[in-house]
Amino acid sequence: MAGGGDAEDNPVAINVIPMVDVIFCLCVFFMCSFKFKQLEGKFESWLPRNKGAEGTPSDVIKEIRIAMFWDEATSKVRRQFGMRTVDDDGEMTTLIRGSYEDWRAKGEPNVPVIIDGDERVPWSEVLKIVNIAKGLSIDNIEFALGKKDA
Amino acid sequence: MHKRKVATVQDPQSPNLIPMIDIMFRLLLFFLLGADMAARETATMVLADADKSKEIDPNRDETEPETTINIHHEVAGDGACPIYDNGGVCRVKEHWLWSISGKSYTKETIGEKLKELAELSPEDHVDPDAKKVLSRRKVMIRADKSAPYGDVQKVIEMCGTATLYKVAVVGALPMPEK
C-alpha cells in the first residue's frame with residue numbers, strides 16, 4: 001500500500017498531487033456510473049411443442065378466462081372476469097381462486113388461466129394476473145393470441 | 001543598525017496525503033469491480049413487479065444456450081417522450097423497440113434472427129409431437145412494465161414459429177428484506 005516509511009527515508013520527493021487528481025476523476029466517473037442491480041425473476045412458459053404459438057381453440061370451455069381491455073380515453077385497463085368488471089386485485093384473486101377450486105372439485109386440476117388481452121394493454125397488468133395465478137399455485141397459464149394475419 | 005529579517009511565507013505543515021490516497025485507491029477498486037463493463041445483454045428499463053416469479057440464478061450454467069429479447073421504450077435521436085418520461089403509458093408504436101444483445105430489430109427482421117439463433121442450438125432428436133427438430137435455446141422476454149402486450153404476444157408467436165419453445169417472461173423481484 002501507499003503508507004509506511006518515513007518521509008526522510010526517501011530522498012526523492014514524489015509529487016502526488018496529479019495522481020490524486022486523476023484518482024479523484026476516476027472515482028467520480030465510477031461513482032456516477034455505478035448502479036445497483038435490480039433482482040430479476042422469471043415465469044417459465046414452455047410453448048406447445050407441436051404447434052408453436054397458436055390461437056386458443058374456440059371450442060375450449062374448460063378455462064378461467066380473464067379479458068383485458070384498454071381504454072384509450074382514460075389510459076386505463078378494464079379487466080373482466082366472465083361478465084364482471086374487476087378493478088381490485090384482491091377481488092380478482094378471490095374470483096380466480098373460487099373458479100379454480102370449482103374446476104379442481106370437478107376433477108380438472110389443469111384448467112388453464114387464459115389471459116385474453118387487448119394488444120395495447122400494458123405488460124405490467126398482464127404480469128399482475130400471471131403473478132396472482134402463480135400465487136394460487138396455478139401452473140397452467142396461457143396467453144391468448146390474436147388471429148394470424150391472412 | 002540591526003537589519004531586520006524579511007519574513008517569508010512558508011507552509012510549515014504539509015498534509016500527509018498517504019492515508020487519503022489509500023482510501024481513494026480502495027474506493028476506486030470498489031467501483032472498478034462493481035462496474036458492469038460486460039457487453040450488455042439487457043436493455044435499461046423498468047420491469048413489472050413479479051414477486052411470485054422464480055429468481056434468475058446468477059450462477060446458472062453459462063453453456064446452456066440462452067437469448068434475451070428486450071422490449072423497451074426508446075425515442076430515436078435522443079428525443080424525449082413526455083408521456084413515458086412522466087410515468088404514463090406511451091402507445092406510439094415507433095417508440096417501442098425490440099432488441100437482442102443491444103441490436104434493434106423490427107417485426108419483420110426479428111423472425112429471421114430468431115430462426116438463426118434456434119438453428120445454432122438444436123435438440124439432438126426429432127420431437128415426436130412436432131415431428132421436427134426443435135431448439136433447446138431458452139428465450140427470456142424482458143419487457144418494460146408499460147410495453148404493449150401486443151408486442152410480447154408477437155415475440156412469443158415468433159419464438160414458436162422459430163421452434164424456440166422454451167420461453168420465459170421476466171419481472172422484477174422485490175428487494176430481499178434484511
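The values are calculated or read from the model by the stated rules, or taken from the named source; none is laboratory data. This structure is a prediction, so every number in the text was calculated from the model and none was measured. FYI the Cβ positions are ideal-geometry reconstructions off the backbone, even for glycines, and counts take in every protein chain you see. Areas reflect the complete protein model, heavy atoms only, side chains present, ligands, DNA and RNA absent. Shrake-Rupley method; radii C 1.70, N 1.55, O 1.52, S 1.80 Å.
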Restricting the stretch B:101-147 to residues that are outside any strand (DSSP E or B) and of a type in the set (Val, Ile, Thr), the one surrounded by the fewest Cβ atoms within 10 Å (Cβ to Cβ) turns out to be B:106
_Within the stretch B:30-53, does at least one residue satisfy the condition of being within 14 Å of another protein chain (Cβ to nearest Cβ), in a strand (DSSP E or B) and open to solvent by 50 Å² or more (accessible area, probe 1.4 Å)?_
yes
Practice item. Kindly indicate whether any position in the stretch B:66-79 is assigned to a loop (DSSP other than H, G, I, E, B), among the polar types (S, T, N, Q) and either open to solvent by 30 Å² or more (accessible area, probe 1.4 Å) or more than 9 Å from chain A (Cβ to nearest Cβ) (or both). Key: no
Those residues of the stretch A:85-108 which are loosely packed, with under 13 Cβ neighbours inside 10 Å and either among the aliphatic types (A, V, I, L, M) or part of a loop (DSSP other than H, G, I, E, B) (or both) amount to A:87, A:88, A:105, A:106, A:107
Residue pairs within 6 Å by beta carbon, gap of at least six or interchain, first lying in the stretch A:26-44 and farther than 26 Å from residue B:140 by Cα, second among the small types (Gly, Ala, Ser), listed first then second, are A:30/B:35
Has the stretch A:120-136 got any residue that is crowded, with 20+ Cβ neighbours inside 10 Å, among the hydroxyl-bearing types (Ser, Thr, Tyr) and either touching a helix residue (DSSP H, G or I) at 6+ places or on another chain (Cβ under 7 Å) or in a helix (DSSP H, G or I) (or both)? yes
Margin query: Can you say whether residue A:114 is open to solvent by less than 20 Å² (accessible area, probe 1.4 Å) and either out of contact with any His (no Cβ under 7 Å at 6 or more places or on another chain) or among the acidic types (Asp, Glu) (or both), as far as the supplied structure shows?
Written below: yes
